[in-house]
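**Q** Structure provided below as structure tokens; questions to follow.
Rule-based calculations on the coordinates, nothing more; no lab input. The shown structure was predicted, so the numbers you read here are calculated from the model rather than taken from an experiment. No Cβ is skipped: glycine too gets one built from the backbone with ideal geometry, and neighbour counts run over all protein chains shown.
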Amino acid sequence: MAGSRAFAGTDRITLSSGTAGPTGAFTIAVAFRLASNSGNSILIGDTRFNYSLLSLRGRNGMYLANGSAATSAATVPALDTWYVAAVSTAAGTATPRFSLLDLAAGTVIHADADTAAPDKTIAAALSIGDSDLDQHGDVGLDGLVAAAAIFPVAFTDVERADMTTFAAWQALSPVALWRLDGPASAPVLDASGHGADQTDIDGTTQSSDAPPCFWAGVPDEVLLFADDFSNGLGNWTIQSHARRIGVVSAPGGRAGRAVTLQTNFGDSDDPDGTDFSAARNEMYLGATELQFNEGDDRVIRYSAYFDPSWPDLTAIAPPPGANYWWCVVNQTKQDGTGSPPWAVEYHTNDDRIGIHGPGDGPEFFDMDRSGTWHDFEFRLHFSSDPAIGHATIYVDGMQVVDYATQTLVSGVFDYWKMGVYRHRDIPETMLWYVADFSISIPGTPVA
């Protein structure tokens, strides 16, 4: 990983959400290296050559097309050179502004398009190497692509000149973001979480050739799943009778959307509302490709916000015969029934978040009711052997847990589950929020 995707001959790939992207102002960008001067080969913004898009033609420069009108900048990319090409255009009728960044030389060329372009709406889509899209009949792409992105802002020359790393792109809040350095067998996903994922592929190979310094500071991973919840909860299965799980504007001053995870006194354990042995409102990922099996390494990330109303249960006596109230917020739940092999719990005896596995594991987070978002990262090696399974956890970039533990039940798979699953007699409402959830395969083993 941390390389690029190679295209030659009829190799092609298409990524699309099927929905519209920005209307009016936007910037589109791609990190690429051409091996030959042919082909209308990299199209960003639509999957057909009849709407707004960025096209790179090695023979005669870069194009921004809108319907039958095309504006171009006669800046010809050199062969065998890594570039970031970007074009920005303002809302309304405006002259697009192109930038070509030579990543090895550290130089940049800015150029206006030859004509103004009308107001535009682009799609959250990327098509590479598809000669069917080439109105000139040329071949597809002969070269390498590392990444591409769409942003809902017309950046300045200075801002585009700083787009030399993938990390810089991530910081600019793209509405579509594609990382193409993984193996061809792994579908390319929209890392922005907006769902413009791979829809079609023919050929292509992974390459270790990477743009100079482009991947600096970016984890060496293959993204399996990303969800910013802007499209609702269609990727998740809800296990809740009270239906207290939903998507709202993120609280605490955070932009974007978040999912609410809430359980109240009197909620049932099952979706039918007939079992009150516990109280549960959870959601989980059931897709086969997101299951965890023996020997798998996975990285799960999300941002969490515990509502200021989250109760401090240290002041409430636990039920008879128990030392504390139990409350699970995350599970790697096994297929079938029974307690999970590994879970994250709110430890009600001392107001902290900790791990519950075959036995109680380390605590790692003091409950925060200050209205602050925190970034959680779980690096898990899945095994039914407690000497082989492993959990490394980071909170806000700081490692807080690193220990061996059982993470899988022998003979079955796990899946990710989160919400509030708790003792039925806890009298208080418990509410937290999750934003920007993802699952990846790390480039290096967890343990």
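**Q** Among Leu261, Leu180, rank each residue by its count of other Cβ atoms within 10 Å, from fewest to most, as a rough exposure measure.
**A** If I rank by nearby Cβ atoms, fewest first, I get Leu261, Leu180.
**Q** Only Lys, Arg, Asp and Glu count, each charged at its Cβ (+1, +1, -1, -1), so figure out the dipole size of the range 240-327 about its Cα centre, rounded to 20 debye.
**A** 500
**Q** Something else about it: Can you tell which of Met418, Leu223, Phe32 lies farthest toward the positive end of the dipole of the chain, using +1 and -1 charges on the Cβ of basic and acidic side chains (Lys, Arg; Asp, Glu)?
**A** The Cα lying farthest towards the positive end belongs to Phe32.
**Q** A follow-up question, please. When a footprinting reagent is the concern and you count Cβ atoms within 10 Å, what order do Leu285, Leu177 take, fewest first?
**A** Listing Leu285, Leu177 from fewest to most nearby Cβ atoms yields Leu285, Leu177.
**Q** Sticking with this structure for a sec: So for each of 184-190, 144-150, 367-373 I average, over its residues, the number of other beta carbons within 10 Å; can you give me the resulting order with the highest mean first?
**A** Going from most to least packed, we get 144-150, 184-190, 367-373.
**Q** Fewest Cβ neighbours within 10 Å first, please rank Phe364, Phe7 accordingly.
**A** The most exposed by this proxy come first: Phe364, Phe7.
**Q** Would you kindly state how much longer the chain becomes between Glu428 and Ala242 on full extension, computed as 0.36 nm times their sequence separation minus their alpha carbon distance, in nm to one decimal?
**A** The Glu428-Ala242 span can extend by a further 65.4 nm.
**Q** To continue, here is another question. Length gain on complete extension for the stretch Thr107 to Ser185, per 0.36 nm per residue less the alpha carbon to alpha carbon distance?
**A** Full extension of this stretch gives 24.6 nm more.
**Q** Ok, one more. Find out how many positive minus negative residues lie around Val247, taking Lys and Arg as positive, Asp and Glu as negative, among other residues whose Cβ is under 11 Å from that of Val247.
**A** Here the count lands on -1.
**Q** Hey, if you put +1 on the Cβ of every Lys and Arg and -1 on every Asp and Glu Cβ in the chain, which of Ala146, Pro427, Val108 ends up farthest toward the positive end of that dipole?
**A** Sorting the options by dipole projection puts first Val108.
**Q** Assuming 0.36 nm per residue, please report the length gained on full extension of the stretch Thr156 to Thr372 beyond their Cα-Cα distance.
**A** 74.5 nm
**Q** Over the Cα atoms of the chain, what Rg and Dmax result, in angstrom?
**A** Spelled out, the Cα radius of gyration and Dmax of the chain are 24.4, 79 Å.
**Q** I would also like to ask the following. Rounded to whole Å, give me the distance from the Cα center of the range 205-233 to that of the range 372-386.
**A** When both Cα centres are located, 19 Å separates them.
**Q** Taking the Cα centre of the range 237-442 as the origin and placing charges on Cβ (Lys, Arg +1; Asp, Glu -1), which of Ala391, Asn281, Ala258 is farthest toward the positive end of the dipole?
**A** Most positive-ward Cα: Ala258.
**Q** Let me ask something else about it. Give me the net charge for the shell around Gln399: Cβ to Cβ below 15 angstrom, other residues only, Lys and Arg +1, Asp and Glu -1.
**A** So the environment of Gln399 carries a net charge of -3.
**Q** Nothing charged except the Cβ atoms of Lys and Arg (+1) and of Asp and Glu (-1): what's the magnitude of the dipole of the range 177-325 about its Cα centre? Round to the nearest 20 debye.
**A** Using only the charged Cβ atoms, the result is roughly 640 debye.
**Q** Simple spin-label model, 7 Å along Cα-to-Cβ: Ala287 to Ser173 in nm?
**A** Distance between the two pseudo-spin positions: 2.6 nm.
**Q** If you project the alpha carbons of the range 266-349 onto their three principal axes, what span does each projection cover, largest first, in Å?
**A** Principal axes ranked by extent give 42, 31, 24 Å for the Cα atoms.
**Q** With +1 on the Cβ of every Lys and Arg and -1 on the Cβ of every Asp and Glu, and nothing else charged, how large is the dipole of the chain about its Cα centre, in debye rounded to the nearest 20?
**A** Rounded to the nearest 20 debye, it is 860 debye.
**Q** Turning to a different aspect of this structure: Compute the distance from the alpha-carbon center of the range 179-194 to that of the range 142-172, in whole Å.
**A** 16
**Q** Could you give each residue of the range 399-415 its phi-based ³J(HN,Hα) in whole Hz, using Karplus coefficients 6.51, -1.76, 1.60 with θ = phi - 60°, and x for Gly or Pro?
**A** 5, 10, 9, 7, 7, 7, 6, 5, 10, 8, 8, 4, x, 9, 9, 9, 9
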